[in-house]
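Following: one structure in structure tokens, then a few remarks.
The values are calculated or read from the model by the stated rules, or taken from the named source; none is laboratory data. None of the values given here were measured: they were computed from a predicted structure. Every residue, glycine among them, receives a Cβ derived from its backbone with ideal geometry; neighbour counts consider all protein chains shown. The accessibility values were calculated without ligands, DNA or RNA, using every heavy atom of the protein model including side chains. Shrake-Rupley method; radii C 1.70, N 1.55, O 1.52, S 1.80 Å.
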Amino acid sequence: MTKIVVNGASGTLGKLVVSELLKTVAPENLTLITRSPDKLSDLAAKGVRVCRGDYRDPESLEAAYAGNDTMLLISSIMVGRRVQEHRNAIESAKKSGIKHIVYTSVAGVHPGNPTVSAGDHIESERDLIESGLSYTIFRDQTYSEMFTPMAQSALMGGVWYQVGDKGKIAPVSRQDIARCAAVCLQEPTKHYRVTYELTGPDLLSFREISHMFSTLYNRPIQYEILTPDEMHEKFASWGIGRDVQEDATNPGVFWGSDELVSAYVAFDEGYHNILSHHVEFITGQKPVSLQQLIEEDKAAL
């Protein structure tokens with residue numbers, strides 16, 4: 001039986017992947033890596049191996065990875081620092097005998113992409129390709145789950161602010177990414193050295209997305225186009241500075257407006273205008289639509 005490692009197992013995506021894996025994988029064949037093992041104590045009690053590990057501490061990774069076959073490398077959130085963090089994980093995996101890595105990259109990987117963090121993923125993909133290991137790369141489109149909190153200010157204030165009006169994306173749910181990861185981790189030979197574009201089923205403009213929320217919540221939302229400089233000013237008025245704030249709990253404050261605005265520009269320039277059927281190709285199931293997910297969110301709220 002394939003022995004599987006999941007990095008970042010106590011995070012939102014990591015937990016979903018683990019839940020999918022436990023449907024078909026025996027607990028003793030899973031190793032979960034986290035900086036906070038206490039968060040996974042319930043799984044440890046069920047026989048899952050839980051190890052403390054940190055991308056910044058290669059020794060902790062090598063010890064945790066030993067004896068395993070495949071590994072999920074969930075990308076670090078630390079923009080500008082994560083290239084070395086990912087490199088540590090890849091090198092530790094190679095030393096410990098891991099044979100296949102599934103890596104969560106991002107949609108729009110292209111040397112011309114203006115998004116600040118895009119270069120991180122370009123380098124990490126290159127490191128993985130040149131490692132000599134087998135791999136599967138997921139270029140994940142923007143998570144569908146991010147849109148409800150993004151839309152809250154528009155629903156309250158009546159205005160959706162966006163840089164430009166040409167951009168389109170096909171948001172993908174974390175659950176669909178988790179299902180894809182579970183399949184590829186268990187069947188690495190079928191996904192040997194492959195890069196997948198993981199998207200949802202619908203390619204949408206941001207104007208269409210704002211209209212979707214307006215209709216569903218029965219609240220008027222005006223779509224207002226801003227320049228990048230005006231968008232920076234808008235973020236500043238919301239208390240979001242330009243740089244990454246590591247200790248911030250608010251996602252917008254954490255990423256900073258340099259990352260966010262550059263991503264908006266990338267959307268408008270078409271770097272994320274991608275629609276694939278790779279989720280269904282990998283899992284045999286159609287991906288969840290953004291419409292379905294935000295309807296479920298509204299019902300839950």
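Return one quarter of the surface area of the convex hull spanned by the alpha-carbon atoms of segment 1-122, equal to its mean projected area, in nm².
Working: hull surface 29.7 nm².
Result: 7.4 nm².
In the elastic network of the chain, a GNM with C-alpha springs shorter than 10 Å, the most mobile of TYR135, TYR217, TYR264 is TYR217. Surface composition of the chain: carbon plus sulfur atoms contribute 51% of the solvent-accessible area (1.4 Å probe, protein chains only, all chains present).
Give me the compactness ratio for the chain, meaning the Cα radius of gyration over 2.2 N^0.38 Å. All intermediate terms of the calculation are to be shown ahead of the outcome.
Details: Rg = 19.4 Å, N = 301, 2.2 N^0.38 = 19.2 Å.
Compared with the compact-globule rule of thumb, the chain sits at 1.01.
Which stretch or stretches of segment 41-68 have amide N atoms under 12 Å from the point lying 7 Å from LYS95's Cα along the Cα→Cβ direction? Under 12 Å, as judged by backbone N against the label point of LYS95, lie 57-66 of segment 41-68.
Could you tell me the number of lysine pairs in segment 158-301 with C-alpha atoms less than 23 Å from each other, where the two lysines are 8 or more residues apart or belong to different chains?
Working: LYS166/LYS234; LYS168/LYS234; LYS168/LYS286; LYS190/LYS286; LYS286/LYS298.
Number of lysine pairs found: 5.
Inter-label distance, VAL159 to ALA26: 6.1 nm, where each label sits 7 Å from its Cα along the C-beta direction. Rolling a 1.4 angstrom probe over the protein heavy atoms with all chains in place gives the chain an accessible area of 45 Å² per residue.
Compute the signed sum of charges (Lys and Arg +1, Asp and Glu -1) over the other residues within less than 13 Å, Cβ to Cβ, of THR189.
Numbers: positive: LYS99, LYS190, ARG193; negative: ASP69, GLU187.
Its environment carries a net charge of +1.
With one equal scatterer per alpha carbon and no solvent term, the Debye-computed log10 I(q)/I(0) for segment 120-248 at 0.14, 0.16, 0.20 1/Å reads -0.83, -0.98, -1.19.
Taken along the Cα-to-beta-carbon direction at a fixed 7 Å, the label points for MET1 and LEU226 span 5.2 nm.
Listed by chain and number, the lysines placed with their C-alpha closer than 16 angstrom to that of LYS15 are LYS23, LYS39, LYS46; residues fewer than eight positions away on the same chain are left out.
As a calculated quantity, the FRET efficiency between GLU59 and ILE129 at R0 = 35 Å, using C-beta atoms, amounts to about 0.90. Derived scalar couplings between HN and Hα for segment 4-9 equal 10, 10, 10, 7, x, 5 Hz in order, rounded to whole Hz, by the Karplus curve 6.51 cos²θ - 1.76 cosθ + 1.60 (θ = phi - 60°), x for Gly and Pro.
Taking label points 7 Å from Cα along the Cα-to-Cβ direction, TYR217 and ALA299 give a separation of 1.9 nm.
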